[in-house]
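One structure below.
Nothing in this text is a laboratory measurement; each read-out follows from the coordinates by a stated rule. None of these values were measured; they are calculated from a predicted model. Here Cβ is always computed from backbone atoms with ideal geometry, including for glycine, and neighbour counts include all displayed protein chains.
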Amino acid sequence: MNRVTAEITRNNMFNENDRLLLALSGGKDSYVLLDIIARIHDPKLIGVITIIEGIPGYNRVSNISWIIEKTRKLGIELHVVPFKSYVGYTLEELVLRARELGINVSPCTFCGILRRRIMNHYALMYGYDCVLTAHNLDDEVQTILADLMRGDLARFIQLHPLSKPLSKYFVKRVKPLRRIYEYEITAYAYATGFEFQEVDCPYITHAPTLRAKLREYLHEIEGRSPGTLLKMLNWYDKTVRTLLENKALTYPTKELPQCPLCGSPMAFGRRYCMLCELLLKLKLPVKYLGTRKPLSSPKHQ
Ligand SMILES: [Zn+2]
């Protein structure tokens, strides 16, 4: 428990006066993130966002009841945002629609794009300086390996804490638990009274992604050779830091273009942003509000 707290205090990547938006799912990792950040940061500068994907049997009310209770007790602002109210559809509706049309898109793709969009949108709208997520060491190494396996250098670099957001409309993302093993988080959660009632996302169980396979594989390697994951993260951090500091990698200096449908920043060369493109593929109207116009006066110039 001491190592967990010490690691986070030492490595925190936000300033004392920053307004932090914590993205919490309701699981043990998000419990530990809120518990620690509320100890080391002024609760008046903390907000919480919980996204409800709309998956049958998942994201149950009981999963987030502790978030409602704890944020109320600490006087922390809470935003509960269902996919349905943001984009007009639940994740299940999007997945069923894709199946109906014979479009092969993984539920995790929809989910990832929408979650990132909603977190960023709320952070901009409410003037938060950083979005904090509860990704742990196991998650982080899975992402590093997945990016390597896909040959996605841009994402590989972008994952590093020293990387800057690619657009002034992207709020900085911080992962305070990225050097903490999942088992350490579990131990901390037990010790601080978290009630475990987690259910795995049914989409992961039905259609394991590359990440799910990597998770299993890395678990096996770590079991045989403890410390491997931390060594891998240290190697990654050092390598990318060296590349960034020596300017061996240069950032695009031009602001990203904006999606003509929703106004969100999108990669160069795209016609629409990934979210609008997915909705158009599914022949669904782009209903979501708030990002249609470029958001005015961004805090992050
Ligand atoms: Zn768009």
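Listing for the model above:
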| read-out | value |
| --- | --- |
| Pairs from K44/K175; K73/K164; K175/K247 whose Cα-Cα separation, in the structure shown, is over 28 Å | K73/K164 |
| Axial C-alpha extent at least 15 Å, average Kyte-Doolittle at least -0.5 - helices from the chain (DSSP) | 28-40, 61-74, 107-125, 137-150, 228-245 |
| Computed helical MRE - 222 nm, the chain, DSSP H runs ≥ 4 contributing -39500 (n - 2.57), nearest 500 | -15000 deg cm²/dmol |
| Debye intensity ratio I(q)/I(0), log10, segment 81-227, q values 0.16 Å⁻¹ (C-alpha model) | -1.20 |
| Mean Cβ count within 10 Å, highest first, over the residues of peptides 78-84, 149-155, 214-220 | 78-84, 214-220, 149-155 |
| R0 of 41 Å, Cβ-Cβ distance T186-A267: FRET efficiency to nearest 0.05 | 0.65 |
| Ascending count of other beta-carbon atoms within 10 Å, so fewest first, for C273, C201 | C201, C273 |
| Gaussian network model of the chain, Cα within-10 Å springs - most flexible of S25, S264, S225 | S225 |
| L166/F196 FRET efficiency (R0 41 Å; Cβ-Cβ; nearest 0.05) | 0.65 |
| Semi-axes of the equivalent ellipsoid for segment 2-281, Cα gyration tensor, largest first, Å | 26, 24, 22 |
| FRET efficiency for D152 and R72, using Cβ-Cβ distance with R0 set to 45 Å, rounded to 0.05 | 0.65 |
| Candidate aspartates and glutamates - alpha carbon under 12 Å from K172, same-chain residues fewer than 8 apart omitted | D18, D129 |
